[in-house]
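Below is one structure; the comments refer to it alone.
Values in this text are rule-based calculations from the coordinates and carry no lab data. Fair warning: this is a prediction, and the values are worked out from it, not measured in the lab. Note: ideal-geometry Cβ built from the backbone for every residue, glycine included; neighbour counts use all protein chains shown.
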Amino acid sequence: MALLSARSTASRTARRATLGALLLCAVLAARAFAQTDAGESAARPGAGCPAGTTEVRPGACRAPQLPPPSIVDYRPRSTLVTPTHEVRRAKYPVIDFHGHPEDRLGSEDALAAMVRSLDSINVRMIVSADNMSGQRLASTVARVNASPYKDRVRVLAGINFRDVGPGWAENAVAQLEADVAAGAVGVGEISKGFGLSIRKPDGSRLRLDDPALDPIWDACARLRLPVFIHTADPEEFFRPIDYANERWLEQALFPSRHYDPARYPSFEQLITERDNLFRRHPKTTFVTAHLGWQANDLARLGKLLDELPNVYTEIGAVLYDIGRQPRGAHDFFVKYQDRVLFGKDSFQPSEYPYYWRVLETRDEYFDYYRGYHAFWKLYGIDLPDSVLQKVYYRNALRITPRIPQAGWPK
Ligand SMILES: [Zn+2]
């Protein structure tokens, strides 16, 4: 009995000592976080600084003494002085594989104005990815061919994904053949609505890898038409719009760009279906637009290109991701130099020179052309001439045999 009591006293003492040590640690930790000057508050371990404050020393948070600007008004002017090389015209003639000329193909005057813009930036050919088909495609091609600019424009054919079910494929293939006879050189831009929102007659979502679509992809292989396809959107559009979201401002400016998980498939679901589609049709050439929305994870995009030699990609509207990783992007473009096409997307002649500067120079820390995509600066990735030529025109020529192959620099 006495022995037992002595034992329990000893273990009680040990427990007390452990408890005391733990308490001391907690107090020390709390003090470390609480050692703040007047006007400062303590960061909460694991949670960072409270709203409205910023961490000024480890664990100490301070609020600005001036009224802070809103996110839209804070535009710090860089004081960095480094060599700058504006590139007005691309070093080699360019095929813009992701063009949206829209009304600029509507009359000879509009065409002439567009070609003047293209000349000023050295874009020799714009590929219209405006999803045209039928009469509109035929009359557009006829107008271009009757103009002095017939070598400056080519047109992709659209596919109508409504009412996919019995009889759909026969009609779609017949329409595609007619569009090719009228002058289409490829298919696209298949819009992001394919996968995100287009439904079948029974109300179910049309998956990208739906077997009912197989005949159209097989027809593209038979007709040697590259398929230009935009799948999903930046991954941040599928995530909660909180203050850690890299695209908070963009989604606040354009709320329809956000995809509520209650209504839309996830980014991963869409990418999985897309890759299934590419895998299912190894004889069909696919060009995944916008670096497949994986420009922020080039190693993952590289894996896709490694696995599937029928897949190519295009750089429209993701310059902000290329230019923020100049070493990684340089190595990616060199490694996959036969798989990457130039494309711009939105037709803004003043924006192309940003692409030339990122692709061709070693410039550092310069502005991007939109104020809401990227909260960082860009760097040049300094591609070798042989890689530039492939990205600018050679790869597009190679995968699009219906584009005239003569007249380009060797
Ligand atoms: Zn587009």
Cα-based Rg and Dmax for region 170-210, where Dmax is the largest Cα-Cα distance (Å): 12.7, 34
Suppose a student asked you for the relative contact order of the chain, using Cα pairs under 8 Å spaced at least 6 residues apart; what percent would you report? 14
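Can you order the peptides 73-84, 228-239 by their average number of other Cβ atoms within 10 Å per residue, highest first?
228-239, 73-84
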Quick test of the membrane-span-like rule: which DSSP H helices of the chain reach at least 15 Å along their long axis (C-alpha atoms) with mean Kyte hydropathy at least 0.0? 2-34, 108-121, 168-182
Roughly how compact is region 100-216, stated as its Cα Rg over 2.2 N^0.38 Å to two decimals? 1.21
What whole-number distance in Å separates the alpha-carbon centres of region 259-280 and region 328-348? 23
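Have a look at the DSSP beta bridges in the chain and tell me what percent are antiparallel, nearest 5.
Once the DSSP bridges in the chain are tallied, antiparallel ones form about 30 percent.
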Under the 0.36 nm per residue contour assumption, what length would be gained going from the current alpha-carbon distance of residue 254 and residue 338 to full extension? 26.7 nm
Residue-normalised 222 nm signal for the chain, counting each DSSP H run of n ≥ 4 as -39,500 (n - 2.57), nearest 500 deg cm²/dmol, is -11000 deg cm²/dmol
Taking 7 Å along the Cα-to-C-beta vector as the label spot, tell me the residue 300-residue 214 distance in nanometres, rounded to one decimal. 2.9
Mean Cβ neighbour count within 10 Å, used as a protection proxy, ranking 39-49, 342-352 highest first: 342-352, 39-49
Length gained, residue 135-residue 346, 0.36 nm per residue minus C-alpha separation, equals 73.6 nm
Scalar couplings 3J(HN,Hα) for region 338-350 by Karplus 6.51 cos²θ - 1.76 cosθ + 1.60 (θ = phi - 60°), nearest whole Hz, x for Gly and Pro, are 8, 10, 10, 10, 7, x, 10, 6, 3, 7, 9, x, 6
Take the residue pairs 335/390; 200/344; 303/335; 344/390; 192/344; 150/390 and return only those whose Cα atoms are more than 20 Å apart. 200/344; 150/390
With θ set to phi - 60°, apply the Karplus curve 6.51 cos²θ - 1.76 cosθ + 1.60 along region 46-62 and write out the HN-Hα couplings as whole Hz, x wherever there is a Gly or Pro. x, 10, x, 7, x, 4, x, 10, 9, 6, 9, 9, x, x, 10, 10, 9
Pair residue 307, residue 397: separation of 7 Å Cα→Cβ label points (nm): 3.3
Equivalent-ellipsoid semi-axes (√(5λ), Cα gyration tensor) for region 134-187, whole Å, largest first? 26, 9, 8
Full-stretch length increase - residue 145, residue 244 - with 0.36 nm per residue and alpha-carbon distance subtracted: 30.6 nm
How high is the FRET efficiency between residue 372 and residue 177 when r is their beta carbon distance and R₀ equals 56 Å, given to the nearest 0.05? 0.85
Using alpha carbons only: equivalent-ellipsoid semi-axes of the chain, gyration tensor based, whole Å: 52, 29, 20
